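**Q** Below: one structure in structure tokens.
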Amino acid sequence: MSAGAFRTATGGRIDRTHTLRFTFDGRPLQGCAGDTLASALLANGRHLVGRSFKYHRPRGIVTSGSEEPNALVTVVRDGGRTTPNLRATQVELYDGLTAISQNRWPSLTRDLGAINDKLSLMFPAGFYYKTFMGPRFLPENWAWTKVFEPAIRRAAGLGRAPTSADPDRYASRYAHCDVLVAGAGPAGLAAALAAAEAGARVIVADEQSEMGGSLLSASRGAINGVPTAQCAADALAQLAGHARVRLLPRTTVFGYFAQNMAGLAERISDHDPSPDPEGPRERLWQVRARHVVIATGAIERPLVFSNNDRPGIMLAGAALTYLNRYGVTPGQRAVIAGSHDGIYAAALDLAGVGVEVAAVLDTRADPQSAAMAAALDAGLPIRTGTCIVGSRGHLRVSEIMIGAPMADGSIRDAGRIPCDCLLMSGGWTPSVHLFSQSRGKLRFDAAAGVFLPGVSAQSETSAGACGGASGLAAVIESGAAAGRTAAQACGFGLGRARAYRVEGILEATEATGHVNAPRLPQGMAKAFVDFQNDVTSRDLELAAREGFRSIEHIKRYTTTGMATDQGKTSNMNALALVSGTLNTTVPDVGLTTFRQPYTPVTFGTLAGMARGDLFDPIRRTSIDGWAQGKGAAFEDVGTWKRAWYFPRAKEDMHAAVARECRTVRAAVGVFDASTLGKIEVVGPDAAEFLERMYVNAFKALKPGRCRYGILLNEAGFVIDDGVIARLAQDRFHVTTTTGGAASVLNMMEDYLQTEWPDLQVWLTSTTEQWAVIAVQGPRARDVIAPLVDGADVGGEALPHMSVCEAKVAGVPARLFRVSFTGELGFEINVPVGAGRSVWEAVAARVEDAGGCAYGTEAMHVLRAEKGYIIVGQETDGTVIPEDLGLGWAIGKSKADFVGRRSLVRPDMIRTDRKQLVGLLTRGRDVLLDDGAQVTSVAAPAKGTAALGHVTSSYHSSVLGKSIALALVRGGRGLMGQRLHVPMPKGAVEVEVVSPVFYDPKGEKLNG
Amino acid sequence: MLLIHCPYCAMERPEIEFRHAGEAHVARAPDPSQLDDETWAEFLYFRSNPKGVHAERWRHVHGCGRFFNALRDTVSDRLLVTYKAGEVRPELPPQEHSR
Ligand SMILES: [Zn+2]
């Protein structure tokens, strides 16, 4: 027998001649090409694959699909390529695969955490809410938070994420189509064929590696005389032949969003033993479809009985799939039990390959079904009106106890049956997840006992089992009809209808089977409803007894349906149980919301290429390369990289900044100010527009002159500032802060377009157009004068706050006489393409004059020495110009500007507002913390409000002491007084001084 | 991701091209200095925040750059209609109200 003792000799879709080696928890095993990890483990007789989340109970494989609650494993490739919490039922086997089980220590068979199962009285429903509040008698809960809670949290859990970075690439694509088909089972394939043949562009996505769905698991039956699996292959071949059709296997439609947009996660390389290192691992598809056909089938329900979670207990439909698709038997002696005709097909197929069928137990008293008749004909031992009340076994089921429900609701003991596997079916739940995500309204079908699609919210059709169709013929019919409807909805003709003749299927008498609301004997044993989150029937009953009525509350209290499988196998059982306990109906209990993603999606897929350097654009100035060549340190300012400081041999940051500041004050410095926001404001009404936007007066500003502009919001608070130059009667060069460039332009456009559309003004962002070279210091004029052609840079021709056009180093430039250092200063604006060459010409002359390049840190120190504010540092959205001592900038005769009305609101004219002041510490080297509070006494009483806070704090090498700016309540009235700044090592006494520490008369500016 | 019809470009474009810009039809007074404090505070800070149809502004910021208005149902998150800045709020057919 090839690759496993439980492999059938023939049959299935695996390749017995192609053996694959793999390991599980270090043990070498063999499987076949075409296996999943789950089918390969079962072929080797391994049912035990994990320990449960809370009680650490031994767990086996329950399903054959993405709904699997138990068989979560970690697949290890190398360091960062370790993926926890994969469903073994979806992991395709490859040669060399390494898988390990989870949530056990030291091993799967001997797990110390299983003590939780014995202590389970400690873990009732609501355990976390009841207990993690912490016992009140412990001071500060120290023992609880430090000892017990971490231990419990460590013991309860899933797999562990790798600690190293994910080395893989993830791709992303947008796509448009007429019809998106979610699911390529019989309904989906029929729908895709019908839509494609009517002329529609179709995308078909299926979560499995091989498309065909249940057609691949059927052992009998034919469509138009062709076996079902061959039918699937034929349909796929026809679809592949259509140029308009795209087939996406291994692709899960995980989300259904507004306006028929779907999110698809495609797994590209996880099944590949040696994936292309350059290729992506997964791909996110964002598909906009004109119509969506949901063909996601149905999910089988487990039975709820005591100890229903032992390894060896699996769903009957899963056993059929393992047998017919993978050639794997679940054991040697099987009991098959349930409340749905599916149990008979499973029993017949298993008996057909020689598995001993110990019993077929039908909970229904008198099923009256053709499937049962066929099983009776085959001589199988069938018992109707019989339920399962418990199971025995250690790491594998060895025996089941059965009972007979009596009229009074009690259950009479009906003996026990030895077995090594139990295959159960509580009926089928239509997969309405995507329909519900589309915001369609579900309706409860009382006859079938399930929720089905009701009123659509978008252009979609549910086809096949997820739409309530029963039996293969009806499923295919509904799929084909949905495909034609979809094509028609996209404006295509109906096309010809294919005829499908289905024969030889053991059809179920009912589509879904009634939910088996269990009546359980009293006792200690647990009957699991939600396997993955370890929620038992008793937990749900307890929640109902404690007063919870809505399933939304019960879900959060018990955690049922909240695991990574979102309760795919458990939700209907939970609803039935709760409604039974509350003596009400399922719709009365309600239904929890179906949320994206349908199955877990990796962060990598969602992030795509947007990680690391590609997460955000990186903006660099034209001078950036020069700064890099000089070994500058950089800092991030918004999305810009800015030169922070230029360290020379052995200098640390402090030494470099100190030197740069001293050099600017003593000689000259050159600074890259290119990141400043720049907006060209042009038009006959440009001055009028700026008068309305900014606090300042601009109509009186003469061409060639500049003004320091302050921008408020309507609430009166300072939100931006910058120098604004009038180049001509109808043209202004507006600068903004580096961070404010986009928002200021947006705000200007807003007012221009919606409040004052009558103004003739045009706004253009020129931030990226100009390189800005600031030359600052007493020798600034000496440095630039020889480079300037066509303008007089003398103090009379070009005084402080003026602008002219000239050539600088041969390049046409806008030459500003402005200063952000308090020194004689110029800012040379040249087209960005010439930025580097002009900078180099300027920098060479700066160097010759004993100057240097300086970075943003020195810029900050120099401006703080002058008390110049930085918006966002000295302001925080609650600061008005008067608070900053900038009331002088307001155009007093203007009737209106943005924010003006707010400046006379009562709170704005109070005299005890926080005002900008300087602070000096007694010790010259004591540096205050940015953001530290300012108080009147060293140790204020608890609850005392602070007077304000430190906004900027630097060591000034020029002044030989530390300086700070602060916003302090009534600060300008406190000059010379002593206040205190509490710091981590104790309060520091400070003196309130003017915020202008250097050259208070401004003599240096006007040279 | 929503598809939004820009009334200036006259086409539907994906939501990522647009930026929401607050409630529509909140006009700034021609001369705010004439308003008392309460009326001005009303303009600054109070918005209707309805459950149901909301008139709101959007900007086609990564397209034509224009501000325009939209009626959106805040319950269903459906954009019911979009219209140019300065146009009066359109009447909706009755069934759109009741949605
Ligand atoms: Zn547009």
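**Q** So what's the convex hull volume per residue for the Cα atoms of the stretch A:15-118, in Å³?
**A** Details: hull volume 10.1 nm³, N = 104.
Each residue corresponds to 97 Å³ of Cα convex hull volume.
**Q** Could you give the accessible area per residue of the stretch B:1-85, probe 1.4 Å, as a whole number in Å²?
**A** Solvent-accessible surface per residue comes out at 52 Å².
**Q** Tell me, what is the FRET efficiency for residue A:376 and residue A:332 to the nearest 0.05, using R0 = 22 angstrom and their Cβ-Cβ distance as r?
**A** That gives a FRET efficiency of 0.45.
**Q** Find how much the distance from residue A:274 to residue A:840 grows on full extension, using 0.36 nm per residue of separation minus their present alpha carbon separation; answer in nm with one decimal.
**A** The residue A:274-residue A:840 span can extend by a further 198.7 nm.
**Q** Taking a ≥ b ≥ c as the square roots of the Cα gyration tensor eigenvalues, with a/c under 1.5 meaning rounded and otherwise prolate when a/b beats b/c, else oblate, which class fits the stretch A:784-854?
**A** Note, shape of the stretch A:784-854 comes out oblate.
**Q** Another question, then. What nm distance separates the two modelled labels at residue A:240 and residue B:1, each placed 7 Å from Cα along Cα→Cβ?
**A** 3.1
**Q** Shifting gears a bit: Grab the Cα-Cα distance for residue A:800 and residue A:743, subtract it from 0.36 nm times how many residues apart they are, and report the gain in nm with one decimal.
**A** That works out to 17.7 nm of additional length.
**Q** Another one. When only C-alpha pairs under 8 Å and at least 6 residues apart count, what is the relative contact order of the stretch A:527-593, in percent?
**A** Computed value for the stretch A:527-593: 35 percent relative contact order.
**Q** Also, I was wondering about something else. Would you calculate, for chain A, the mean residue ellipticity at 222 nm contributed by helices, counting each DSSP H stretch of 4 or more residues as -39,500 (n - 2.57) and dividing by all residues, to the nearest 500?
**A** Value at 222 nm, helices only, nearest 500: -6000 deg cm²/dmol.
**Q** Then there is this: Hey, can you list the residues from the stretch A:720-760 whose accessible area shrinks by 30 Å² or more with all protein chains present, relative to the chain by itself (probe 1.4 Å, no ligands or nucleic acids)?
**A** Buried-area filter returns A:746, A:750, A:753, A:754, A:755.
**Q** Find the sum over both chains of the accessible area lost when B and A are paired, probe 1.4 Å, and report it in Å² to the nearest 100.
**A** In total, chains B and A hide about 2300 Å² from solvent.
**Q** Ordered by residue, what ³J(HN,Hα) values in Hz, to whole numbers, does the stretch A:205-216 give under the Karplus form 6.51 cos²θ - 1.76 cosθ + 1.60, where θ = phi - 60° and Gly and Pro are x?
**A** With coefficients 6.51, -1.76 and 1.60, one gets 10, 9, 6, 8, 5, 10, 7, x, x, 5, 4, 7 Hz.
**Q** Now for a different question. Provide the per-residue ³J(HN,Hα) series for the stretch A:500-506, in order, calculated from phi with Karplus coefficients 6.51, -1.76, 1.60 and θ = phi - 60°, each as a whole number of Hz, with x at glycine and proline positions.
**A** The phi angles translate into 10, 10, 9, 9, x, 9, 7 Hz.
**Q** At residue A:907 and residue A:222, where each label point lies 7 Å from the Cα along Cα→Cβ, what is the point-to-point distance in nanometres?
**A** Here the modelled spin labels are 8.3 nm apart.
**Q** Solvent-accessible area of residue A:837, probe 1.4 Å, all protein chains present, reported in Å² to the nearest ten, please.
**A** 70
**Q** Using a 1.4 Å probe on the protein heavy atoms, what percent of the accessible area of chain A belongs to carbon and sulfur?
**A** 53
**Q** Enumerate the residues in the stretch A:680-710 having an amide nitrogen under 12 Å from the point lying 7 Å beyond the Cα of residue A:759 toward its Cβ.
**A** A:681-696, A:698-699
**Q** At R0 = 56 Å, how high is the FRET efficiency between residue B:77 and residue A:655 if r is their beta carbon distance? Nearest 0.05 is fine.
**A** The pair residue B:77/residue A:655 has a calculated efficiency of 0.50.
**Q** Please report, in debye to the nearest 20, how large the charge dipole of the stretch A:676-766 is about its Cα centre when each Lys and Arg carries +1 at its beta carbon and each Asp and Glu carries -1 there.
**A** The calculated dipole for the stretch A:676-766 is roughly 540 debye.
**Q** Counting only the backbone N, which residues of the stretch A:632-656 are under 18 Å from the spot 7 Å out from the Cα of residue A:768 toward its beta-carbon?
**A** A:637-642
**Q** Contact order normalised by length for chain A, with contacts defined as Cα pairs under 8 Å and 6 or more residues apart; what percent is it?
**A** It comes to 9 percent, rounded to a whole number.
**Q** Simple spin-label model, 7 Å along Cα-to-Cβ: residue B:48 to residue B:88 in nm?
**A** 1.5
**Q** How high is the relative contact order of the stretch A:302-424? Use alpha-carbon pairs under 8 Å, at least six apart in sequence, and give a whole percent. Please report the intermediate quantities before stating the final value.
**A** Numbers: 269 pairs, mean separation 38.4, N = 123.
Value for the stretch A:302-424: 31 percent.
**Q** Need the C-alpha centroid separation for the stretch A:236-313 versus the stretch A:86-102, integer Å.
**A** Using only Cα atoms, the two centres lie 18 Å from each other.
**Q** Need the C-alpha centroid separation for the stretch A:404-441 versus the stretch A:721-800, integer Å.
**A** The stretch A:404-441 and the stretch A:721-800 have Cα centres separated by 75 Å.
**Q** Could I ask something else about it? Charges at C-beta only: +1 for Lys and Arg, -1 for Asp and Glu. How large is the resulting dipole of chain A about its Cα centre, in Debye rounded to 20?
**A** In total the dipole reaches around 1460 debye.
**Q** Looking at the protein assembly as shown, send over the antiparallel percent of its DSSP beta bridges, to the nearest 5.
**A** That works out to approximately 75 percent antiparallel.
**Q** Checking understanding here: applying a Kyte-Doolittle mean of at least -0.5 and a length along the axis of at least 24 Å (C-alpha), which whole DSSP H helices in chain A pass?
**A** Helices meeting the criterion: A:472-489.
**Q** Would you mind getting me the FRET efficiency between residue B:23 and residue A:785? Use the beta-carbon distance for r and R0 = 60 Å, nearest 0.05.
**A** It comes to 0.65.
**Q** Would you kindly find the accessible area of residue A:832, with a 1.4 Å probe and non-protein molecules such as ligands, DNA and RNA excluded, rounding to the nearest 10 Å²?
**A** We get 60 Å² for residue A:832.
**Q** By how many nm would the segment from residue A:648 to residue A:404 grow when fully extended, if each residue of separation counts as 0.36 nm and the alpha-carbon distance is taken off?
**A** So the chain would gain 78.9 nm between residue A:648 and residue A:404.
**Q** Right, next: With N residues in the protein assembly as shown, what two-decimal value do you get for its Cα radius of gyration over 2.2 N^0.38 Å?
**A** Here the answer is 1.18, to two decimals.
The values are calculated or read from the model by the stated rules, or taken from the named source; none is laboratory data. Computed from a predicted structure; not experimentally measured. For neighbour counting, all protein chains shown are included, and Cβ atoms are generated from backbone atoms with ideal geometry for every residue, glycine included. These area figures cover heavy atoms from the full protein model, side chains too; ligands, DNA and RNA do not enter into them. Shrake-Rupley method; radii C 1.70, N 1.55, O 1.52, S 1.80 Å.
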